[in-house]
Amino acid sequence: MRRTSTAPADPGLAELAPDQRLRRLELTVSRRLNGLLHGQYRGLLPGPGSEPAGSREYRPGEDEVRRMDWAVTARTAVPHVRQVDADRELTTWLLVDASASMEFGTAELDKRELAVAAVAAIGFLTAGVGNRLGAEVLRADGVRRFPARSGRTHLLGLLRALLAAPRATAPGDRRGSGPIGASVDPLELSDGLAALNRVANRRGLVVVVSDFLDGLPDDPDEPPPWERTLRRLGARHQVLAIEVTDPREWELPDVGLITVVDPETGRRREVCTSDRRLRERFAAAAAAQRDQVHQALRRSAATHLALRTDRDWSADIVRHVHAQRRLAAAPAGAGRGGAA
């Protein structure tokens with residue numbers, strides 16, 4: 001497995017006070033990501049909106065039949081689909097996974113802090129006149145809802161709430177700041193997606209920030225429980241799935257005897273990482289698990305953005321947006337690449 005490690009965009013972010021962290025995030029977005037906007041009303045993803053913008057040739061397996069431009073198809077004898085500009089007023093809905101598995105991290109940021117950085121990037125980049133942002137935060141004690149509103153004050157309030165949210169605790173772990181036993185029967189990712197599907201009535205952009213580990217079946221051919229609901233959201237909205245991972249979830253270091261803990265259930269197990277075959281089996285199982293997530297996201301027609309705690313998240317977002325634009329501008333016969 002190929003690994004690419006770069007310096008994180010915000011070293012020391014976790015040690016800063018909440019307001020300092022917000023200023024650091026806003027500066028990072030404004031300096032490094034603001035140029036990604038398609039004019040005043042475009043967001044992170046080029047895609048469907050409401051204003052007609054011509055036609056292009058139909059791409060089998062990629063385009064929806066309902067977008068066929070039958071007039072141009074009849075005139076040219078070649079299947080074409082309608083192209084549209086982005087809506088002038090964009091409503092973005094966020095589902096942020098703040099469950100126990102998101103507390104893990106071995107680099108400069110943990111997965112939860114990286115999720116907050118991703119939310120900041122989405123929020124600052126989609127902010128504009130008339131644009132609205134709503135969110136649902138999936139926590140161990142339930143779903144906290146933020147109604148869709150516009151304005152910088154609303155966005156900063158959402159980010160402050162994410163930074164100040166109590167840490168989840170595994171059963172029997174009294175070191176965390178969350179309620180003891182809160183994750184005994186936690187809400188699942190599919191519950192959060194279903195709740196979001198009920199409130200996101202107007203077509204817009206849906207962003208799901210998670211590690212997508214919730215409920216993964218042992219059988220790789222069996223779909224995760226959240227796939228069906230995510231696919232339902234994708235039928236009405238543009239969906240961006242931001243997958244947050246840590247390098248220690250991909251491979252184990254050779255550090256001798258360690259205790260591994262399941263953050264969702266509190267189960268513990270001692271393993272000896274000096275065993276090379278154990279490390280190889282772990283890496284193979286982790287790769288298979290991630291492939292299972294990626295296939296589920298692909299079947300759900302979600303755009304996939306992978307972020308890691310040991311990488312420069314802002315650079316990864318830049319690369320992702322450039323790749324999406326190249327795909328959107330590619331000729332009909334060109335093949336699509338993999339997820340960024």
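The values are calculated or read from the model by the stated rules, or taken from the named source; none is laboratory data. A quick note: this is a predicted structure, and the numbers were derived from the prediction, not measured. Glycine gets a Cβ as well: all are built from the backbone with ideal geometry, and neighbour counts include every protein chain shown. When the accessible area is computed, the model is the full protein with side chains, heavy atoms only, and any ligands, DNA or RNA have been set aside. Shrake-Rupley method; radii C 1.70, N 1.55, O 1.52, S 1.80 Å.
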At R0 = 25 Å, how high is the FRET efficiency between residue 161 and residue 27 if r is their beta carbon distance? Nearest 0.05 is fine. 0.75
Using a Förster radius of 25 Å, what is the FRET efficiency between residue 319 and residue 251 based on their Cβ-Cβ separation? Nearest 0.05, please. 0.65
Sorted list, accessible surface of protein heavy atoms, 1.4 Å probe, largest first, for 132, 269 is 269, 132
If amide H atoms are modeled at 1.01 Å from N in the peptide plane, then the residues at a separation of 5 or more from residue 69, or on another chain, having amide H under 5 Å from its own are 80, 81, 82
Over region 216-275, what relative contact order in percent results from Cα pairs under 8 Å that are six or more residues apart? 21 percent
Interchain or sequence-distant (5+) residues whose placed amide H lies within less than 5 Å of the amide H of residue 55 are 83
With the Cα gyration tensor of region 85-142 giving a ≥ b ≥ c as the square roots of its eigenvalues, does the rule (a/c under 1.5 for rounded; else a/b larger than b/c for prolate; else oblate) give rounded, prolate or oblate? oblate
Evaluate the relative contact order of region 188-340 (contact order divided by residue number), counting alpha-carbon pairs under 8 angstrom at least 6 apart; express in whole percent. 24 percent
Label-to-label distance, nm, for residues given as residue 78 and residue 289 (7 Å Cα→Cβ offset): 4.7 nm
In whole angstrom, note down how far apart the Cα centers of region 217-291 and region 99-116 are. 14 Å
Length released on extending from residue 20 to residue 299, taking residue separation times 0.36 nm less the Cα-Cα span: 96.5 nm
When the Karplus curve 6.51 cos²θ - 1.76 cosθ + 1.60 is applied with θ = phi - 60°, which whole-Hz ³J(HN,Hα) does each residue of region 215-231 get, with x for Gly and Pro? x, 5, x, 5, 7, x, 7, 8, x, x, x, 8, 5, 4, 5, 5, 5
Relative contact order of region 126-165, pairs being alpha-carbon contacts under 8 Å that are 6 or more residues apart, as %: 36 percent
Stretchable slack from residue 270 to residue 144, in nm (0.36 nm times residue separation minus alpha-carbon distance): 41.8 nm
